[in-house]
Each structure stands twice: as C-alpha cells, then as structure tokens.
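Following: one structure in structure tokens, then a few remarks.
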Amino acid sequence: MKMVLLGPPGAGKGTHAKVLKEKYDLAHLATGDILRRHIKQGTGLGVKARSTIEKGELVSDILVNEMMFSEIAAIPREKGFILDGYPRTLGQAEALEEFLKKEQNPLDLVLNFETSEKVIIDRLSGRRVNPSTGRVYHIRNMPPRREGICDDSGEALIQRKDDAPETVRHRLKVYTDETSPLIDFYQKRGLLQNIPGDFDVPELQPIIVKLFEKLSLIS
Ligand code: AMP
C-alpha cells in the first residue's frame, strides 16, 4: 500500500500515520520529522532549512524532493509507504509523480483529511513534543502521565516554535495557497479519498480501514 496523507497542519496526519504504519507494517516518511532530524544533526540541509521552518514557510522544492527521493529509494520494494506532509506543492507533486513513474511504483491513494480551522487551532495550540524523540502529546486529548514530562524518557516536553499562534495562522495560509491545489491534482488522477479529519483516532481509524477494504487494498 503506497499512500500520501494530505491535509493542513493539525489534521492528524502524523497520528494516523503512526497507527497505520504499525497495523500494516508500512514505512512512514514524515517530511517535517525528517527535516527536524537534519536540523538537530546540523547537516547542510538542516542548516539551510532551520529558519524557513521556524517562520512556518515551506522549504524549497529542490531540497525537499531530493531528500524524499533518497528516503523513498531506501524503502524495500515489497514494503508499502506512507508519505506524511509530502508533497506540499504542485511542483513537489509533479516531481514525485515523475519519480514514482520511473521507479514503476505508483501511488495507490491519497487520503485527504478535511479538517475545520477550529479543530486545527485547538490541536496545534495544545500539542507538546519531546524534542529528542519527536513523540507527540496533546495537553487534553493525549496528555502525558505527568504534566509537561515525557512518559518514555522523563524529558521536559516543549511546544514547537512553529506551533505559536501567529505562525500557525501563517502555516494555514501557506497550506491554502500552496498545498490545497493538490486536492484537485489528485482528484483528476482518481487517487483522492476525502476523510473527516475532525474525528479523533478511535472514530476515524475504522473509516480508513473500511475504505482500504472497499479499494481492495486489504482483504
Ligand atoms: P510538519 O511537521 O509537517 O508540520 O512540517 C513542519 C515544517 O517543515 C513545515 O512548516 C515546513 O516548514 C517544513 N516542511 C515539511 N514538509 C515540507 C514539504 N513537503 N515541503 C516544504 N517544506 C516542508
């Protein structure tokens, strides 16, 4: 199964990707996580991407495509994958299509998380992360056992810089301007499936599983 998760920041793409990865033994490539790893490791790409990410802007297509093509190429062919947060521009979608065509490994579907602004703001303002491992919590929906402390490592949780309210507003505008045209792009290719991103995991997972069955992606 090879899929793209499409939707604004806070739509729940990462949360669902983690569940689907475990359930169906898929590779999970989250562009934001990979870029943050580069920043932490101080790679050339990380140095170039850091201020762009902190401002809530998009990293250039050239850098992101190159990074993602090498990540995808490293996945064993028999294993499916989830692309989470990629592509995010028409340029990236076209480049990805070309790359997967050359690899003779086309996408099976694109899950489009239709999510309201109210839910997005609530999820992002309450999101807390472990800066070392990337494990994500929410102060109400998915709280750690001890407030502000990671259950796994005991480290202090932080709020991502780009989850600050004014940066969130900017990221939503970037989504509308740059990423939402991909809905039409994938609809034209017959790959798009809309799902209700306002639902939390227990409500939405069964809907996704039914969809996979309907599309004969699982039996
Ligand atoms: P995310 O964790 O998916 O919210 O991504 C965090 C940030 O990483 C975004 O706001 C962008 O600055 C950058 N980023 C993630 N994915 C992409 C992408 N496909 N293209 C460009 N920038 C990206």
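Step by step: first the residues of the stretch 126-174, then only those that are free of Cβ contacts under 8 Å to residues at least 40 places away in the same chain and in a helix (DSSP H, G or I), then the one that is nearest to residue 39 (Cα to Cα). Which residue is that?
163
Test of understanding: among 40, 18, which residue is in a helix (DSSP H, G or I) and over 30 Å from residue 203 (Cβ atoms)?
So the residue among 40, 18 that is in a helix (DSSP H, G or I) and over 30 Å from residue 203 (Cβ atoms) is 40.
Can you name the number of the only condition in (1) surrounded by fewer than 17 Cβ atoms within 10 Å (Cβ to Cβ); (2) of a type outside the set (D, E, K, R); (3) farther than 22 Å from residue 24 by Cα that residue 144 fails?
It is condition (1) that residue 144 fails.
One line per residue, one yes/no per condition, for (1) among the acidic types (Asp, Glu); (2) farther than 24 Å from residue 100 by Cα; (3) surrounded by 22 or more Cβ atoms within 10 Å (Cβ to Cβ):
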| site | (1), (2), (3) |
| --- | --- |
| 5 | no, no, yes |
| 11 | no, yes, yes |
| 14 | no, no, no |
| 18 | no, no, no |
| 22 | yes, no, no |
| 32 | no, no, no |
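Return yes or no: is residue 45 out of contact with any strand residue (DSSP E or B) (no Cβ under 8 Å at 6 or more places or on another chain), more than 17 Å from residue 108 (Cα to Cα) and not in a helix (DSSP H, G or I)?
No: the conditions fail for residue 45.
Filtering the stretch 47-72 down to residues that are of a type outside the set (A, V, I, L, M) and under 16 Å from residue 168 (Cα atoms), which residue is farthest from the ligand (Cβ to nearest atom)?
Restricting to residues being of a type outside the set (A, V, I, L, M) and under 16 Å from residue 168 (Cα atoms), the top hit is 51.
Select from the stretch 1-23 the residues that are among the hydrophobic types (A, V, I, L, M, F, W, C) and either within 13 Å of the ligand (Cβ to nearest atom) or in contact with a His (Cβ under 6 Å, 6 or more places away or on another chain) (or both) and write down the one among them that is farthest from residue 219 (Cα to Cα).
It comes out as 11.
On the basis of being without any contact (Cβ under 8 Å) to a residue 60 or more places away in the chain and more than 12 Å from the ligand (Cβ to nearest atom), does residue 75 make the cut?
Taking the combined requirement at face value, the residue satisfies it.
Please name all residue pairs, on different chains or six or more residues apart, with Cβ atoms under 6 Å, provided the first residue is in the stretch 51-64 and is at positive phi and the second residue is part of a helix (DSSP H, G or I) and near the ligand (Cβ under 7 Å from one of its atoms).
56/162; 56/171
Tell me yes or no: at least one residue of the stretch 60-73 is surrounded by 14 or more Cβ atoms within 10 Å (Cβ to Cβ) and in contact with a strand residue (DSSP E or B) (Cβ under 6 Å, 6 or more places away or on another chain).
Yes, that holds for at least one residue.
Just give me the residues in the stretch 193-215 being at pLDDT 95 or above, part of a helix (DSSP H, G or I), under 20 Å from residue 142 (Cβ atoms) and aliphatic (A, V, I, L, M), in sequence order.
204, 207, 208
Of the conditions (1) within 13 Å of the ligand (Cβ to nearest atom); (2) of a type outside the set (A, V, I, L, M); (3) at pLDDT 95 or above; (4) outside any loop (DSSP other than H, G, I, E, B), residue 87 satisfies every one except a single condition; which number is it?
Just one mismatch for residue 87, condition (4).
The values are calculated or read from the model by the stated rules, or taken from the named source; none is laboratory data. Nothing here was measured: the structure is a model prediction, and the numbers come from that model. We place every Cβ from the backbone using ideal geometry, glycine too, and count neighbours over all the protein chains shown.
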